[in-house]
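Here's the structure we're looking at; comments come further down.
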Amino acid sequence: MADARFEDGAEQALSLRAETAEDLPVISALVQDCVLPVTEIRFDRARRKLALLVNRFRWEDREAAEAEGRPYERVQSLLVVSEVLSVRSQGVDRSEKDMVLSILDLVWTPAADGAGELVLTLAGDGAIALSVEALAVDLRDVTKPYRAVSGKVPSHRE
């Protein structure tokens, strides 16, 4: 079923799934330097899912934008981690409604039984650590790309 936000056919919504350690670096690279308000993090304990609505730079379009002389783009994407057993965070204050987080990368540490820990490393020494039954990460664009307001390529702010 087509997503109405992408009906014109000019852009297709990005939709990726990582179920192995080999798949994860692609998603990690695409969410590098994305930003999100702390209010856009949801953990559904009953469904064992953590969802983050992120504003990500379109790294996959950077070279084409430069070659064609057009503006860089951003897009809103949904990052969902399934099979979540528990969530711990450092440097994330959910009561601070104006707090904006920046994801630097995703790091997977497997356990012997297929379970493991997925850490979302954040700028400013923050982190969200997920104990998961299995690696299952989805990244899906939910809006059309739009012009990056800054007009610049993001850089890490550690």
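The values are calculated or read from the model by the stated rules, or taken from the named source; none is laboratory data. If you're wondering where the values come from, they're calculated on a predicted model, not measured in any experiment. Each accessible area value is taken on the protein alone, full model and side chains, heavy atoms only, with ligands, DNA and RNA left out. Shrake-Rupley method; radii C 1.70, N 1.55, O 1.52, S 1.80 Å.
Data table
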quantity	calculated
Exposure of Glu68 as accessible area (Å², to 10), given a probe of 1.4 Å and all protein chains	120 Å²
Accessible area of Arg48 in the full protein assembly, 1.4 Å probe (Å², nearest 10)	70 Å²
Cα Rg, Dmax (largest Cα-Cα span) when computed across region 59-145, Å	16.0, 49
Eligible lysines near Lys152 by straight Cα distance, threshold 27 Å, same-chain separation 8 or greater	Lys97, Lys144
Scaled radius of gyration (Cα, divided by 2.2 N^0.38 Å) that the chain gives	1.05
C-alpha center-to-center spacing [region 124-158, region 28-61] in angstrom	5 Å
Solvent-accessible heavy-atom area per residue, rounded to whole Å², over the chain at 1.4 Å	56 Å²
Helix-only [θ]222 nm of the chain, DSSP H runs n ≥ 4, -39500 (n - 2.57) each, per residue, nearest 500	-2500 deg cm²/dmol
Rounded percent of accessible protein surface that carbon and sulfur make up, the chain, 1.4 Å probe	50 percent
